Amino acid sequence: MQRALALADKARGKTSPNPMVGALLVKGAEVVAEGYHKKAGTPHAEAVALARAGARAKGTTLYVNLEPCCHTDKKTLPCTDGIIRAGVKRVVAAMKDPNPKVSGRGFRKLRAAGIDVISGVLRQEALDLNRVFIRFITTGLPYVTLKVAQSLDGKIATANGRSKWITGPVSRRMVHRLRSENQAVLVGAGTVKADDPSLTARIRSGKNPIRIIVDGKLEISSNSKVLTDGLAPTWIATVKSPKRGPVSPVLQKAAEILYVGGKNGKLDMKELMREIGKRGVSSVLIEGGSGINAAVLRAGVINRVMFFIAPKIIGGRNAIPSVGGPGINLLEEAARLGSMSVTHTGADILVEAELLG
């Protein structure tokens with residue numbers, strides 16, 4: 001099962017809206033064949049392994065990190081049918097598929113065909129691997145990661161707005177990988193105006209995410225890179241308003257405008273995430289400034305945080321904190337984190353954790 005999970009992980013960031021799945025066929029001590037789902041629209045992991053095994057698949061045990069699919073709402077044969085036809089004698093899966101179209105039906109179909117089915121092997125690892133898929137398929141909402149690059153004392157920029165570069169090159173390369181693994185990256189208008197970023201994944205074989213700019217008053221310059229470089233789609237999320245005048249033709253041509261509810265030029269972040277989910281985006285990386293970070297935490301739309309902490313102390317009352325806004329009055333109101341992992345990224349430290357409900 002560890003091998004199945006490792007195979008699945010090879011396609012990280014490439015399979016959406018499908019899950020990451022790896023599979024291998026084993027007979028005795030021999031791995032007969034293996035495969036993984038490379039991207040949406042390509043054969044599933046089980047189909048790849050079965051095709052590679054051919055007649056040798058008969059009598060094998062299939063190890064797979066997710067329940068084989070059984071529905072016909074796709075162009076390919078249901079994996080359960082292929083497994084049955086190939087004569088596989090046992091299926092060992094890490095977890096049930098949370099997709100309502102499957103959700104145990106695949107296991108039942110296999111058992112009905114006389115195949116021995118075991119589920120739950122390395123289940124937690126499988127859940128962690130496909131947390132994006134699980135959230136999207138069960139709620140219709142994207143899995144949202146808040147990424148922050150800050151000094152040891154919690155500052156993301158100096159008092160005059162200088163922020164390049166707080167963290168080191170290893171951390172910055174990891175952020176480019178994160179962009180490639182997520183379907184969308186989100187920032188506020190302030191970040192676009194201050195830094196004019198491209199928000200692309202500048203790594204080998206990187207995939208550029210959709211760029212979502214939260215701009216309640218449509219203030220960003222039409223010369224901004226996100227509107228002119230043509231490297232990735234750009235969506236601008238702004239507030240619905242009966243008083244709003246017509247959007248400039250330049251802006252309409254360069255970006256897709258998302259109208260979202262809100263007050264005083266501030267978007268309703270929950271509604272924005274619902275709108276993003278309706279458009280099929282299953283994962284969002286937030287790289288906002290102090291204000292956006294505060295807004296998304298306050299709205300409760302964050303699933304995971306990644307804080308890159310540099311061995312620097314900036315200091316100063318007017319230096320910009322990683323999370324701004326009005327803050328909280330009671331410690332009981334603080335966002336609470338689950339178990340954390342702490343790793344080195346070059347000279348920096350990366351702290352990761354999921355937010356507790």
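The values are calculated or read from the model by the stated rules, or taken from the named source; none is laboratory data. These numbers were taken from a predicted model, which means no experiment stands behind them. We place every Cβ from the backbone using ideal geometry, glycine too, and count neighbours over all the protein chains shown. The area values use the complete protein model at the heavy-atom level, side chains included, leaving out ligands, DNA and RNA. Shrake-Rupley method; radii C 1.70, N 1.55, O 1.52, S 1.80 Å.
Sorted from largest down, what three extents in whole angstroms do the Cα atoms of region 1-139 have along their principal axes?
So the extents along the principal axes, rounded to whole Å, are 38, 28, 28.
Antiparallel as a % of all DSSP beta bridges within the chain, to the nearest 5?
Antiparallel bridges: around 40 percent, rounded to the nearest 5.
Quickly work out the His71-to-Ser341 label distance, labels modelled 7 Å from Cα along the C-beta direction, and quote it in nm with one decimal.
Computed distance between label sites Ser341 and His71 equals 2.9 nm.
Counting pairs of alpha carbon atoms under 8 Å apart in space and at least six apart in sequence, what relative contact order in percent does the chain give?
This gives 16 percent for the chain.
Once a ≥ b ≥ c are taken as the square roots of the eigenvalues of the Cα gyration tensor of the chain, is the result rounded (a/c under 1.5), prolate (a/b larger than b/c) or oblate (a/b not larger than b/c)?
In terms of gyration-tensor shape, prolate.
Report the gain in length on full extension from Lys278 to Leu127: 0.36 nm times residue separation, minus Cα-Cα distance, nm rounded to one decimal.
52.0 nm
Looking at region 38-135, which trypsin sites (Lys or Arg not before Pro) are DSSP coil and have at most 16 other C-beta atoms within 10 Å of their C-beta?
Those that pass, being in a loop and sparsely packed, are Lys38, Lys39, Lys58, Lys74, Lys75, Lys89, Lys101.
For region 241-357, what value does the Rg/Rh ratio take when both radii are computed over Cα atoms and Rh is the Kirkwood radius, given to two decimals?
When Rh is taken as the Kirkwood radius, the ratio is 1.02.
Students often get this wrong, so check it: of Lys207/Lys278; Lys155/Lys263; Lys27/Lys109; Lys193/Lys217; Lys10/Lys312, which have C-alpha atoms separated by over 24 Å?
Going by Cα-Cα distance, Lys155/Lys263; Lys10/Lys312 fall outside the 24 Å limit.
With a cut-off of 16 Å, note down the residues of region 192-229 whose backbone N falls inside the zone around a label point 7 Å from the Cα of His176 toward its beta carbon.
197-209
Name the residues of region 39-53 whose amide N is less than 19 Å from a point 7 angstrom out from the Cα of Glu30 along the C-beta direction?
It comes to 49-53, nothing else.
Accessible area per residue of the chain at 1.4 Å probe, in Å²?
For the chain, the solvent-accessible area averages 50 Å² per residue.
I'd like the Kirkwood hydrodynamic radius of region 220-275, using the inverse of the mean 1/r over distinct C-alpha pairs, in Å.
About 12.2 Å, per the Kirkwood formula over Cα pairs.
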